[in-house]
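Okay, so here's the structure we're looking at.
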Amino acid sequence: MASRRVLSSLLRSSSGRSTARFGSHNPRLPSSSPARHAAPFGDLLGRVAEYSTSSPAAPSSSAATGKDEAAKKTYDYGGKGAIGKVCQVIGAIVDVRFEDQEGLPPIMTSLEVQDHPTRLVLEVSHHLGQNVVRTIAMDGTEGLVRGRRVLNTGAPITVPVGRATLGRIMNVLGEPIDERGEIKTEHYLPIHRDAPALVDLATGQEILATGIKSESKCALVYGQMNEPPGARARVGLTGLTVAEYFRDAEGQDVLLFIDNIFRFTQYMCAIIY
């Protein structure tokens, strides 16, 4: 009980310091107007702090009815289907220019590079003006050149959630990396969402029963050292999104383990510019 309160207080203080340093902009909400800076890592620390003191939602008929709708909800950020072109590549940082303001994606929108040998997802981080957005690549940018077409998906990075993720290993994009085939589920959620309301928080202590095979009840999300900073900086939000679904939609008690917050902040510092 004491250790959980200490963890919560530390996370809250870290979140407060990061918010004071980088501004109070909320990157989880779609923005219809251009913004220059998004909060680098205050969003994850804030949601983890809220998560550590949140009690699971009590299962009810209304919750059971609405959970499928919540998991299938489309988060439309606008400009879906618009095509831009790469105008600059600096390591994990990619600048993309769009033809007009209507197709300009808001901050935290995911973009997909077209005609690339492998799937390459970019996340909008800044608006630079003149219809140019600065993005963070979720994978290596080797072979990416200027003029390459980029698709605006009109939504944030969305990952699979639910029981199909138990016992599986996936990356920041929710793609399986355990060589066991695709994760078959109808439930998906964006990694950028609002934290629980203050009235929903609780600090009660309960025993979490794992049974004999605890690994079969784990959903592992990896952002490894060989991956670019963008993937490692967002993998915490992916894991948190999976945990929040079990807590909010299924009313489960969930242990969220992040290893570790310090390295997460290091990765964010590597892409702050």
I'd like the Karplus ³J(HN,Hα) series for region 226-232: coefficients 6.51, -1.76, 1.60, θ = phi - 60°, whole numbers in Hz, and an x wherever there's a Gly or Pro. 7, 9, x, x, x, 5, 5
When a footprinting reagent is the concern and you count Cβ atoms within 10 Å, what order do His116, His127, His187, His192 take, fewest first? His116, His187, His127, His192
For a quick check of your reading of the filter: which trypsin sites (Lys or Arg not before Pro) in region 91-189 sit in a DSSP loop and have no more than 10 other Cβ atoms within 10 Å? Arg180, Lys184
Taking H placed 1.01 Å from N in the peptide plane, check which residues at least 5 places from Thr135 or on another chain put their amide H under 5 Å from its amide H. Val94, Asp95, Val96, Ser125
Got a sec to turn the phi values of region 185-194 into Karplus ³J(HN,Hα) couplings, 6.51 cos²θ - 1.76 cosθ + 1.60 with θ = phi - 60°, whole Hz, x for Gly and Pro? 7, 9, 9, 9, 9, x, 7, 9, 9, 6
Got a sec to turn the phi values of region 86-97 into Karplus ³J(HN,Hα) couplings, 6.51 cos²θ - 1.76 cosθ + 1.60 with θ = phi - 60°, whole Hz, x for Gly and Pro? 5, 10, 6, 10, 10, x, 7, 9, 10, 9, 10, 10
Cα atoms only: what Rg and Dmax, in Å, come out for region 72-134? 11.6, 35
Cα centroid separation, region 99-157 to region 235-266 (Å): 26 Å
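Coordinate-derived values only; no laboratory data. In this text, all values refer to a predicted model and were calculated from it rather than measured experimentally. Positions of Cβ are backbone-derived with ideal geometry, glycine not excepted, and every protein chain shown enters the neighbour counts.
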